[in-house]
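The values are calculated or read from the model by the stated rules, or taken from the named source; none is laboratory data. All of these numbers come straight from a predicted model, not from anything done at the bench. Neighbour counts run over all protein chains shown; Cβ positions are idealised from the backbone, glycine included. Protein only, heavy atoms only, side chains kept; ligands, DNA and RNA dropped before computing areas. Shrake-Rupley method; radii C 1.70, N 1.55, O 1.52, S 1.80 Å.
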Amino acid sequence: MTRNAQWEQIREQLRSEYGAATFNSWLKNIELDKIDGNMVSMTLPTRFLRDWVLNNYANRIRQLWSAIDQSVTAVDIRVKPLDKKNGAASKPSFGLADTSEPFKSKTATIAESAHPDPSLMAPLDPRFTFENFVVGKSNELAHAAARRVAEAKDSVPFNPLYLYGGVGLGKTHLMHAIGHAIAANSPEKKVLYLSAEKFMYRFIRALRFKDTMNFKDQFRSVDVLMIDDVQFIAGKDSTQEEFFHTFNALVDQNHQIIISGDRSPTDLEGMEERMRSRLGWGLVADIHPTDYELRLGILQSKVEQGKLEIEPRILEFLAHRITSNVRELEGALNRVLAYSDLVGRAVTLESTQEVLRDLLRANDRRITIEEIQKKVAEHFNIRMSDMHSARRARAVARPRQVAMYLAKHLTSRSLPEIGRKFGGRDHTTVMHALKKIDELRQEDIALSEDIDLLMRMLE
Ligand code: ADP
Ligand code: MG
C-alpha cells in the first residue's frame, strides 16, 4: 500500500472514531508531508489547529500509523500555511460539532485577532419545542423535569437537571425546548445553550488570548446555563476544571444548570469524582430507548405537522422496524417521502422496503457493544464503568469477559474494536477472554445458562 493509501485509511478511521463534525473541524486538513525513518510528518495550515491536534489527537494518529506500519513510532505536525492560489478548495472549515451554527470561520481570524467574539450562544432549532416533543414511557420523566425547569419562574427546582440517554433520543430537543419556553415566558432571563465541545473550544481560545476573565464573566452572568453532551469534556482536564468552577459559581448564585450526557454521571469515565458527584446532585433523568408506541406516535405527529400523505400501515411498518433511535426514524420517513415525491407515486410498502433496504438491514442486527455491556452489568450486578475499568477482581473480570464474548458473537466488531470499547484493552486480552469463556461454558452449567439467557435477551 502506498503512503497515501495508508493515510487515506487512517483518515477514514479517524472520521469514524470521532464523527464527521469533529473530523471536519480539526482533522480534515491534515496533510501528509513525508516519512523520515520512524517519523511521519504531517502539516496543518495554522498554528492554532496544529497545537490543538497535537494535544488532542496526535496520540491516536500515531497509534493508527503504528498499527498499519510498525516502523512508525512518532508523528510530527508542522504548520504549513495554505497555498493562496488553490486555497479556496482546501480552506479549513471551522464548523463546530453543532454544525447548525455557521461559526465565523476564517482560520486567520482565529489565529490572529485578539478578540473574535461571535456570541457564545448556539442557535436553538425552531423545531425543537415542547409542542413537537412526543411523550412516552421512555422519556416521560425527562420531559416532565424539563417542563418543570422551563416553567419555574423564580425558583430552581433541581440543580442541575442532568438528562442522559443514547444518541438520537431527544436530549438536545428537550434542552432547546427549555430554551424556547424560557425565552417566551421570561424574556428577561439570560439563557446560554452550547455543547460541551464548544465550551471547551471557547475556553481554550480564552486561554490563548489571555481573556479568561471575560470568559468567566460571560458564563457566570447567565441565569440558565445548558451544556449539551458533557461526556465530551471527560478526560479534558483543564476544561473540566474550568467547567467545575463555572458550575459551582452558578449553583452558588442559585442559577439553573441543565446538562446532558450519553451516560449517567457515575459512568462518566475520565470525569473527576467531585464533578461526577456534583452532576448527580440535582435530578438525574434518563431517556430510555423508544418503544413501539412512542415511535408510532412520533411518526404520526410528523405526518400531522407536515400534512403528509402516507398510509398508516407504512408508519406501523417503520415504527416496527426502525428501532435504533428517533433520528434514524425521522430520516427513514423523510427518505421514503422524498422518494415518492421524486418518482411521483404514492408510498407503498414495497417502495418503502426498497428505499430503506440498507437501513432495515442495519436495524435488524444492530446490537451495540454498549447495550451488551449494560445488560451484562445489570445481570451480574456490577457497575457499567467496571466494563472499562482496570479492576481485575474476579467479580468484575468475569462479567467483563462474558460481555466481550457476547460482543464477539452478536456484533460484527473486530477484536481490536472490541478491546477499545472495553477501556482500551488490547485485542489479545479479548482473545483470551473468548477462549476462557468457551472453556468455562463446558464446565460451568450455570454460567453457560446465564450466557444463553443474555443472548436471547439481546437478540
Ligand atoms: P440526542 O440529543 O439525544 O442525540 P436529539 O434531541 O438530537 O437527540 O433528537 C434526534 C431527533 O429526534 C431530533 O430531530 C428530535 O426532534 C427527534 N426526537 C427525539 N425524541 C423525540 C420525541 N420524543 N418527539 C419528537 N421528536 C423527537
Ligand atoms: Mg444531542
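Between the range 212-257 and the range 272-302, what is the separation of their alpha carbon centroids in Å? Here the answer is 21 Å between Cα centres.
Taking the protein heavy atoms of the chain in the context of the full set of protein chains, the accessible area attributed to carbon and sulfur is 50 percent at 1.4 Å.
Other residues lying with their Cβ under 14 Å from the Cβ of residue 253 contribute a combined charge of 0, Lys and Arg counting +1, Asp and Glu -1. In this structure the range 392-459 gives 56 Å² per residue of accessible area when probed at 1.4 Å with all protein chains present. When all alpha-carbon pairs of the range 308-364 are counted, what percent fall beyond 17 Å? Counting every Cα pair in the range 308-364, those more than 17 Å apart make up 26 percent. Share of pairwise Cα-Cα distances greater than 34 Å in the chain is 44 percent (whole percent).
Surface exposure of the range 3-51, expressed per residue as accessible area with a 1.4 Å probe, stands at 45 Å². According to a simple spin-label model (label point 7 Å from Cα along Cα-to-Cβ), what is the distance in nm between residue 253 and residue 308? Spacing of the two 7 Å Cα→Cβ label points: 4.3 nm. Each 10 Å bin from 0 upward holds the following percent of the Cα-Cα pairs of the range 369-458: 18, 58, 24, 0. Quick check: net charge around residue 301, other residues with Cβ under 13 Å of its Cβ, Lys/Arg +1 and Asp/Glu -1? Here the count lands on 0.
Taking one quarter of the surface of the C-alpha convex hull of the range 118-287 gives a mean projected area of 9.1 nm². A DSSP coil position with no more than 10 other Cβ atoms inside 10 Å describes the following trypsin sites (Lys or Arg not before Pro) in the range 364-397: 365, 392. Taken along its principal axes, the alpha carbon cloud of the range 1-72 reaches lengths of 29, 24, 18 Å, longest axis first. Around residue 265, what is the net charge, scoring Lys/Arg as +1 and Asp/Glu as -1 over all other residues with Cβ under 10 Å from its Cβ? Within the 10 Å Cβ shell, the charges total +2.
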